[in-house]
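Enquirer: The structure that follows is given in the form of structure tokens.
Coordinate-derived values only; no laboratory data. All values derive from a computational prediction rather than experimental measurement. Please note: Cβ atoms are built from the backbone with ideal geometry, for glycine as well, and neighbour counts cover all protein chains shown.
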Amino acid sequence: MRRSTMVSVYAMLVFLAAAAFGQAPSIRTESDYNGWGWNAVVMSNGLVTMATMPDIGARVMQYDLGDFATLYVAADLIGQTHTPARGGLYQYGGFKNWPSPQSKWNWPPPPTLDYGKYTAEIAADTPDSVAVFVASPVEQWLAPNIRFERRATIYRGTSRVRMEQTMINEGTASAEWGMWDITQVIVHHPGERDYENFWAYFPINPKSVFGSDGVRWDKSSAAWTGEVADGVYGVQYRAEGKKIFADSHKGWIAYANRRDSIVSVKTFDLFEGNYPDEGAHVEVWINSSPAYMEVEVVSPVVRLSAAASGANRYTFTENWWLTRMVDPVLDVTPVGALAEHMVYDPIGQRLMGRYGVFYEGTAKAAFFGNGTLIAEGAAHSVSPLRPFMLEETVALPVGADSVALRIFDGNGVLLGVLDDRTRFELTGVGDRGRTDGAGASGFGIGPNYPNPFNGETVIPFDIPAPSEASLRILTTGGREVARLVEGRLEAGMHRCVWRPADSASGLFVAVLDAGGVRRTRKLLLVN
């Protein structure tokens with residue numbers, strides 16, 4: 001039974017509204033694509049280019065946003081093909097499918113499914129979408145009687161790729177397998193080893209079977225950086241052969257090239273069921289030599305009936321997205337990814353936030369009171385090809401209790417909500433029922449801006465009555481790194497600027513003490 005629908009159901013419908021906007025997608029077959037020596041089926045829509053190579057396990061060997069490549073390609077294997085044989089393994093790079101759990105086939109993976117020759121056909125070619133369909137031969141050895149099919153579709157006006165990955169049992173007896181997708185990604189710029197720029201992010205399950213950290217790993221590593229933002233785990237690439245597993249409660253995982261502000265996101269449904277690797281939904285492998293990182297998603301293990309029964313196939317569907325944005329990724333919605341939630345500076349009357357958007361169109365802030373639209377902000381042009389920084393001077397309308405940042409296509413059709421905040425979440429004060437950040441008295445720390453930040457951040461806070469107060473910055477381990485306020489303050493809203501001089505990237509805690517009451521808020525420094 002499906003337990004959580006992150007994006008897929010809504011996104012399946014939302015592209016229809018966007019179809020009339022943006023460049024029409026194209027699809028073609030090409031021999032010796034890119035001079036690589038492989039035949040390819042190439043899809044593009046002016047935003048995303050995807051090239052699938054049927055001759056080597058239908059690997060996706062190109063997945064670009066504009067001119068920015070994201071996939072690792074093994075230079076020493078370019079142009080090579082191999083007849084599947086038990087025991088063979090060829091790490092070409094790119095994206096591939098394997099059956100799970102790995103413990104059933106041990107190592108190496110099933111060769112026919114991994115690098116065998118697939119058939120391929122153009123499955124759709126319309127002004128609104130194009131699709132490629134690929135199918136494998138039947139595996140003989142390590143996952144006997146199993147074959148794969150995959151349909152990849154791209155659409156007009158969006159970076160979305162819909163990946164429908166199907167496993168079929170062609171045997172006379174039932175079998176239990178899951179679908180495992182593996183994407184090998186770039187971890188440095190050409191001629192460099194700037195590994196510090198390449199990250200993976202996924203949500204931390206507060207009820208994780210792996211404990212409070214929400215992860216387990218096969219070996220410890222400094223790459224496992226822990227909670228880099230509220231409820232989000234970060235992996236910073238290092239050249240080591242190690243792996244981390246997570247049972248994230250939200251169906252997304254992201255990979256970031258920080259220097260170029262490129263983020264790739266996979267979204268998928270979560271299900272009740274038997275997941276492999278002790279319950280993992282997402283996994284990250286950091287390879288040493290050659291240098292690449294694997295961003296992996298697994299489905300539950302399911303029973304595939306015998307071929308004659310007609311219930312012998314299972315499809316696991318994902319959506320892939322590419323966008324330009326700063327990282328880390330704090331959350332993902334059906335229309336984009338969040339680098340910084342909306343905050344509001346009541347003194348400067350500025351509404352701010354940072355995002356990556358999955359569609360071409362416009363963004364508008366919508367102000368609601370008791371569920372009724374009161375007013376809208378200005379229209380901002382958005383595209384996956386550029387980061388979206390919201391910065392708008394606007395007075396919060398009287399009676400507004402929430403703000404939604406909504407995305408529209410080029411024809412003005414609403415696609416979805418990118419960010420949604422209550423008045424309290426915007427300002428950190430004024431909600432008498434909340435105790436996280438602000439108390440019943442209105443005393444508290446508002447959201448700092450920007451957050452994440454580099455160089456400096458503004459921390460607003462409210463004191464309801466004159467009192468002795470202190471505002472300190474601590475590491476998550478409790479060590480004080482800065483004391484911004486110490487002394488008597490008048491009642492009202494105050495702002496402090498923190499400019500960390502020597503602090504490394506990481507999560508910090510602002511601690512406000514006044515009148516015997518304490519409030520805290522997390523801050524994320526990204527150098």
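Enquirer: Quick one: pull the percentage of alpha-carbon pairs in segment 167-319 with a separation above 19 Å. Show your work: numbers first, answer last.
Expert: Numbers: 6436 of 11628 pairs.
The proportion of pairs with Cα distances above 19 Å equals 55 percent.
Enquirer: Straight-line reach from Lys104: which aspartates and glutamates fall under 13 Å, measuring Cα to Cα and dropping same-chain residues less than 8 apart?
Expert: Cross-link targets: Glu176, Asp277.
Enquirer: Volume per residue, Å³, of the convex hull around the alpha-carbon atoms of the chain?
Expert: Working: hull volume 79.0 nm³, N = 527.
Per-residue hull volume (Cα only) is 150 Å³.
Enquirer: Relative to the longest principal axis of the chain, what angle (0 to 90°, nearest 10) does the C-alpha long axis of helix 8-18 take?
Expert: Around 90 degrees separate the two axes.
Enquirer: Calculate the tail of P(r) for segment 104-223: the fraction of all Cα-Cα distances greater than 22 Å, expressed in %.
Expert: Numbers: 4259 of 7140 pairs.
The share of Cα pairs beyond 22 Å in segment 104-223 comes to 60 percent.
Enquirer: In percent, what relative contact order does the chain have, based on Cα pairs under 8 Å that are 6 or more apart in sequence?
Expert: On the way: 1474 pairs, mean separation 59.2, N = 527.
Contact order relative to length: 11 percent.
Enquirer: Also, quick follow-up: Between rounded, prolate and oblate, where does segment 335-427 land on the alpha carbon gyration tensor, with a ≥ b ≥ c its root eigenvalues, rounded for a/c under 1.5, else prolate if a/b exceeds b/c?
Expert: Working: a/c = 1.91, a/b = 1.42, b/c = 1.34.
Taking the square roots of the gyration eigenvalues as a ≥ b ≥ c, segment 335-427 is prolate.
Enquirer: Take the residue pairs Lys96/Lys364; Lys117/Lys250; Lys207/Lys243; Lys243/Lys364; Lys117/Lys219 and return only those whose Cα atoms are more than 30 Å apart. Write out the running numbers ahead of the final one.
Expert: Working: Lys96/Lys364 38 Å; Lys117/Lys250 35 Å; Lys207/Lys243 21 Å; Lys243/Lys364 41 Å; Lys117/Lys219 35 Å.
Where the Cα-Cα span goes over 30 Å, the pairs concerned are Lys96/Lys364; Lys117/Lys250; Lys243/Lys364; Lys117/Lys219.
Enquirer: Which of Tyr255, Tyr314 has the fewest other C-beta atoms within 10 Å, and how do the rest follow up to the most? Present the calculation step by step, with values, prior to reporting the outcome.
Expert: Working: Tyr255 27, Tyr314 19.
Ordered by Cβ neighbours within 10 Å, fewest first: Tyr314, Tyr255.
Enquirer: Not counting the cut sites, what is the longest span of the chain without GluC sites (Glu not before Pro) that DSSP labels loop and that have at most 13 other Cβ atoms within 10 Å? Walk me through the numbers on the way to the answer.
Expert: Numbers: sites that count: Glu192, Glu272, Glu456, Glu490.
Longest run free of exposed loop sites: 1-191.
Enquirer: Note down the net charge around Leu396, summing +1 for each Lys or Arg and -1 for each Asp or Glu among other residues with Cβ under 12 Å from its Cβ.
Expert: My count for the surroundings of Leu396 gives 0.
Enquirer: Give, to the nearest whole percent, the P(r) tail of segment 285-367 beyond 18 angstrom, counting all Cα pairs. Intermediate results must be reported in sequence, preceding the final value.
Expert: Working: 2294 of 3403 pairs.
I get 67 percent for the Cα pairs in segment 285-367 exceeding 18 Å.
Enquirer: Another question about this same structure. Report the Cα centroid-to-centroid distance between segment 513-527 and segment 138-161 in angstrom, as an integer.
Expert: Centre-to-centre (Cα) distance: 47 Å.
Enquirer: Rounded to the nearest 500 deg cm²/dmol, what is the calculated helix-only ellipticity per residue at 222 nm for the chain, with -39500 (n - 2.57) per DSSP H run of length n ≥ 4?
Expert: Numbers: 4 runs with 25 residues, N = 527.
Taken over the chain, the calculation gives -1000 deg cm²/dmol.
Enquirer: Where nothing but the Cβ of Lys and Arg (+1) and of Asp and Glu (-1) is charged, how large is the charge dipole of the chain around its Cα centre, in debye to the nearest 20?
Expert: Numbers: 47 positive and 57 negative charges, 100 e Å.
So the dipole magnitude of the chain works out to roughly 480 debye.
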